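The values are calculated or read from the model by the stated rules, or taken from the named source; none is laboratory data. Everything numeric here is computed off the predicted structure, so don't read it as measured data. Note that we place each Cβ from the backbone using ideal geometry, even for glycine, and neighbour counts take in every protein chain shown.
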Amino acid sequence: MLPVTVFMALLCIAASKPKKHHYQVERATAVTDEEEQVSAAAPAPAAFPTPSGGAREQNGAPKTLAAAVLVTDVRSGEVLYEKNADAPRAAASTQKLLTALIVAESGYLDQSVTVQPVDTFAEPVRLNIKPGEFYERIDLLRALLVKSPNDVARCLARDNAGSIEVFAEKMNAKARALGATHSHFVNPNGLPVPDQYSTARDLSIIARAAYANPTIRSIVCLPQLVFRYASGRTRELQNTNKVLKSLAYCNGMKTGYTEAAGHCLIASGTIPGRDVIVVVLGDSKAGVWRDASALLSWGLISM
Amino acid sequence: MSDLFQEQLQALRAQSLQRKLREIGSAQGSEIEIVGRHLVNFSSNDYLGLAADPLLRRAAIGAIEKFGVGAGASRLVSGTQSPHVALEAALAKWKCVPAALTFSSGYAAAVGTLTALASKRDVVILDKLSHASLIDGARLSGATVRVFPHNHLGKLESHLEWAQRELPEARRIVVTESVFSMDGDQAPLGELIELKKRFDAILLLDEAHAIGVLGPNGRGLAAELGLERQVDVQLGTLSKALGVSGGYVCGSRSLIDWLINRARSFVFSTAPPPALAAAATAAIEFLASAEGEARRIMLWKRIVRLGAELPAAPEASGKSGGAIIPWIVGDEQRALDLARSLQREGFLVPAIRYPTVAKGAARLRITVSAAHTEAQIAQLGEAMRRLSVGDYGPVAAERRSSGVGT
């Protein structure tokens, strides 16, 4: 695809050469009636459809009703579009990407974890793992990223750091090390507590680090997962990320919702030569998929 | 006898299931001609627009000048001409495997390979949505055939456990596709490889719809995930993104030598025309070049553009993993009506029905090509948004998983 500037330049050249226009008009009149109807009914090709009926920002990004948005080119780190990206907000379960990153980087993922009673004291959504059961870390990590169970987040965090409090310290240290300095984390799952916040920009930084981790990359793209309980019973977990399931070029990331945070989604996408991460915070239930899809598509093909 | 067929055909018509051929009066491309009408073509598997590319035309013409048209004999007798040898060398190099073998069609490659790999003492375990050629090959091999629900690793595992327990001496062959032809979604390849290793099984992966689309230089899903070396038998086609005709198998030297001796669809077919081999070689060399990568990037930009154009109802849509976007309607007649409406507006988007997909899972199958212009895709998107209001319900996903009637 031509860079926008070149494209504009070509348009100018075309406009300054009226002969070219004549040629195009002649060609248009040469087609059959039926084809003319097609082109009459069709929109202008440049009109990239957007969730809000074609409304777009100055740089062409689709306009959304989300409270905060950040679209980043993963390879260059360039911000393609932002809206309230530095406003402190509840991140809800999207912060599980940070939890997962710490667990994945700590290694020994094929080793077993024993579930403790304290792990199960969590709000829904839960997987209902039981105290005394053994699970491989990797299986818990997969469940965490695909289905977002809060008991699993607690179990992995406690296993990793000894307690939720110490794990939260690790989360804050890790975030700072990555350059996500406008966040404060208190728990591994994003359940609402006072003084826990992040920003679209910080979450994008964290998501980029998670995206670079091969273990996380290979999990967040799974549309579903069969979880095997210690009892031998299996349960099919559907990925909560609906954009993953609808767009070929979406390759994962993480959903989130609490009343305070609204509907949130971090979505990553790839086409050959380009990777984009979209952070959408504080959106509506239906809007979040629509907005993230539109932003992801736009980010991947905008120049 | 003819009355018998009349009755059967009438039954098909009554269920909106009778299929017909339509004549295309032009070369393949983003626009094709059907009975004098020009339609924008969203139905072909020519994902990179190579089928009518001058590069391939020149290669074929050059080979015709030198080698004529027919190959004269089967490959094993005297039909293996220099272009056939060059093609298999180019394939092996491109796919980074020791050896490759080409067949007259993808169907022949699948049937020939499976019948050569499996005997009646063996077990073939297939994904339910595997292409008909893979199912036919498995059946024809005489092996015990087991089918697991689409991409269901748990069921695959229990089939493997069963085979290991009940038929410990049997060769276990797991068969799946990397991008499924009618649903467009991908197999969980990493997990499949874990399983096949654990149960000491052979993995046959059909990359037909991933070649040219996924992976560095279009080498497929296994290459995209860096898992090429762990797939025992890589099946693919020259007929889709590569723009020509034929099928291929890539793998170890001993696998290929065995197929040369035992794959009956290879042994008992006249060699494909040398000009086709020359054109396919040109296509592979193109994919391996920087221009080929640029074309593949163009394809993905078109895929993204269509993704942005289609109405948002993600929970009901099929996951697409490539250039195939399934638009699941459900009802057979409704799918046909939608396809007809689109055709009236100048778009060729086929309705896919039983038996290609399960009953009640009829769909439009939109395929995107690098040859499409942005305008063509925007126009299709506008028409789809206007015509398909009310379709695309969540029930579609449920019906979809009810399985395929092959």
### Task
Note down all Cβ pairs under 9 Å where the first residue falls in the range B:14-39 and is under 24 Å from B:Ala241 (Cβ atoms), the second is aromatic (Phe, Trp, Tyr), and they're at least six residues apart or on different chains.
B:Ser30/B:Phe42; B:Leu39/B:Phe347
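Condition check: part of a loop (DSSP other than H, G, I, E, B) and either assigned by TED's automatic domain parsing to the domain that holds B:Leu101 or not basic (Lys, Arg) (or both). Does B:His159 satisfy that? Walk me through it before giving the result.
Values: part of a loop (DSSP other than H, G, I, E, B): no; either assigned by TED's automatic domain parsing to the domain that holds B:Leu101 or not basic (Lys, Arg) (or both): yes.
No; evaluated as a whole, the condition is false for this residue.
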### Task
Looking only at the range A:226-237, decide whether some residue is facing another protein chain (nearest Cβ under 9 Å), in contact (Cβ under 8 Å) with a residue 40 or more places away in the chain and closer than 25 Å to B:His152 by Cβ.
yes
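Quick one: is B:Gly29 surrounded by fewer than 13 Cβ atoms within 10 Å (Cβ to Cβ), in the same structural domain as B:Glu374 (by TED's automatic domain parsing) and within 26 Å of B:Ala283 (Cβ to Cβ)? Break it down stepwise before answering.
Working: surrounded by fewer than 13 Cβ atoms within 10 Å (Cβ to Cβ): no; in the same structural domain as B:Glu374 (by TED's automatic domain parsing): yes; within 26 Å of B:Ala283 (Cβ to Cβ): yes.
In short, no.
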### Task
With the condition kept exactly as written, say whether any residue in the range B:123-134 is part of a loop (DSSP other than H, G, I, E, B) and either among the basic types (Lys, Arg) or surrounded by fewer than 20 Cβ atoms within 10 Å (Cβ to Cβ) (or both).
yes
### Message
Please verify whether B:Leu227 is within 14 Å of chain A (Cβ to nearest Cβ), under 19 Å from B:Leu129 (Cα atoms) and over 11 Å from the mean Cα position of the chain (by Cα), treating the condition exactly as stated.
### Response
no
## Note on the structure
Going through the range B:181-205 in order, the residues found to be of a type in the set (Asp, Glu) and touching a residue at least 12 places away in the same chain (Cβ under 8 Å) are B:Asp183, B:Asp185, B:Glu191, B:Asp200
### Query
When residues of the range B:76-95 are filtered for being touching a strand residue (DSSP E or B) at 6+ places or on another chain (Cβ under 7 Å) and among the small types (Gly, Ala, Ser), how many remain?
2
### Message
Please go through (1) buried (at least 24 other Cβ atoms within 10 Å of the Cβ); (2) modelled with pLDDT under 95 for A:Ala61 and return the number of the only condition it doesn't satisfy.
### Response
(1)
### Query
Yes or no: A:Asp202 crowded, with 20+ Cβ neighbours inside 10 Å and either in contact (Cβ under 8 Å) with a residue 12 or more places away in the chain or out of contact with any Ser or Thr (no Cβ under 6 Å at 6 or more places or on another chain) (or both)?
yes
### Message
Residues that are of a type in the set (A, V, I, L, M), under 22 Å from the mean Cα position of the chain (by Cα), under 22 Å from B:Asn151 (Cβ atoms) and modelled with pLDDT of 90 or more: does the range B:333-348 have at least one?
### Response
no
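Residue by residue, here is whether (1) modelled with pLDDT of 90 or more; (2) of a type outside the set (S, T, N, Q); (3) not in a helix (DSSP H, G or I) holds:
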residue	(1), (2), (3)
B:Glu315	no, yes, no
B:Gly321	no, yes, yes
B:Ile328	no, yes, yes
B:Thr356	no, no, yes
B:Ile366	yes, yes, yes
B:His372	yes, yes, yes
B:Gln376	yes, no, no
B:Ala383	yes, yes, no
B:Ala396	no, yes, no
#### Entry: Within the range A:122-136, tally of residues that are modelled with pLDDT under 90 and touching an Asp or Glu at 6+ places or on another chain (Cβ under 8 Å)
1
### Task
Hey, could you check the range A:208-225 for residues that are touching a helix residue (DSSP H, G or I) at 6+ places or on another chain (Cβ under 6 Å) and of a type in the set (A, V, I, L, M) and say which is farthest from the other protein chains (Cβ to nearest Cβ)?
A:Ala209
